[in-house]
1. Tell me whether segment 106-114 contains one or more residues that are hydroxyl-bearing (Ser, Thr, Tyr), touching a residue at least 60 places away in the same chain (Cβ under 8 Å) and crowded, with 16+ Cβ neighbours inside 10 Å.
2. Among the residues of segment 49-66, is any closer than 22 Å to residue 140 by Cα and either modelled with pLDDT of 95 or more or out of contact with any Leu (no Cβ under 8 Å at 6 or more places or on another chain) (or both)?
3. Name the residues in segment 26-43 that are touching a residue at least 60 places away in the same chain (Cβ under 8 Å) and open to solvent by 40 Å² or more (accessible area, probe 1.4 Å), would you?
4. Determine whether segment 147-158 contains at least one residue that is among the hydrophobic types (A, V, I, L, M, F, W, C), touching a residue at least 12 places away in the same chain (Cβ under 8 Å) and open to solvent by 70 Å² or more (accessible area, probe 1.4 Å).
5. All but one of (1) open to solvent by 70 Å² or more (accessible area, probe 1.4 Å); (2) touching a helix residue (DSSP H, G or I) at 6+ places or on another chain (Cβ under 6 Å); (3) closer than 29 Å to residue 133 by Cα; (4) not basic (Lys, Arg) hold for residue 93; state the number of the condition that does not hold.
6. Quick check on segment 44-79: of everything there that is without any contact (Cβ under 8 Å) to a residue 40 or more places away in the chain and in contact with a helix residue (DSSP H, G or I) (Cβ under 7 Å, 6 or more places away or on another chain), which residue is surrounded by the fewest Cβ atoms within 10 Å (Cβ to Cβ)?
7. For segment 83-137, name all the residues that are closer than 27 Å to residue 14 by Cβ and hydroxyl-bearing (Ser, Thr, Tyr).
8. If you scan segment 23-47, which residues turn out to be in contact with a Lys or Arg (Cβ under 8 Å, 6 or more places away or on another chain) and over 29 Å from residue 108 (Cβ atoms)?
Amino acid sequence: MNYYFAQVNIAKARYPLEDPKMADFVNNTTRINVIAEKSPGFIWRWVEEPDSDAAEVFGDPALVVNMSIWESREALMEFTYHSPHVEIYKRKNEWFEKLNSAHMVCFYTKEKEITLQEAKRHLDHLNKMGETPLAFSFRSSFSANDAEKYLTNKSTPL
């Protein structure tokens, strides 16, 4: 069975999203999401619903959550660093606070969608265990095969 490349990114907004200081971020969100959805290798992204429990799951109503699934790490990296997304990404410090823990996690999944709870488990795993084949950053080059082997050797994966 194929594995997909998942990413979860949380960011704590410096100001309420309605604040004029957040306008450039908010006004570009739809444009960047459309670019992502049209990018080669894109499969799925989480779309927050008005009654979303993201604040409850992640424990902070000021967090902005982004989750997506891609065919490969390379496809996500191409979108992240070689599309108009990179210009918004370079400005992240204007809009978001630096967190004291990992704010982004990558992992392999057989599913074409992930839940907030699953995303949080992977982020928690990264913060507790460091980078492993089950939860890692862009700096790591773990493969789906590495994740499969890791799961085979663990009694409780996350």
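1. Looking through segment 106-114, at least one residue is hydroxyl-bearing (Ser, Thr, Tyr), touching a residue at least 60 places away in the same chain (Cβ under 8 Å) and crowded, with 16+ Cβ neighbours inside 10 Å.
2. Checked against the condition, which is being closer than 22 Å to residue 140 by Cα and either modelled with pLDDT of 95 or more or out of contact with any Leu (no Cβ under 8 Å at 6 or more places or on another chain) (or both), segment 49-66 yields at least one hit.
3. Once the filter is applied, which keeps residues that are touching a residue at least 60 places away in the same chain (Cβ under 8 Å) and open to solvent by 40 Å² or more (accessible area, probe 1.4 Å), segment 26-43 yields only 43.
4. yes
5. Failed condition: (2).
6. Once the filter is applied, the top-ranked residue is 61.
7. 83, 89, 101, 137
8. Hits for segment 23-47 are 24, 25.
The values are calculated or read from the model by the stated rules, or taken from the named source; none is laboratory data. Keep in mind the model is a prediction, meaning the values are calculated, not measured. When we count neighbours, we look across all protein chains shown, and the Cβ atoms used for this are built from the backbone with ideal geometry, even at glycine. We work out accessible area using only protein heavy atoms, side chains counted, and drop any ligands, DNA or RNA first. Shrake-Rupley method; radii C 1.70, N 1.55, O 1.52, S 1.80 Å.
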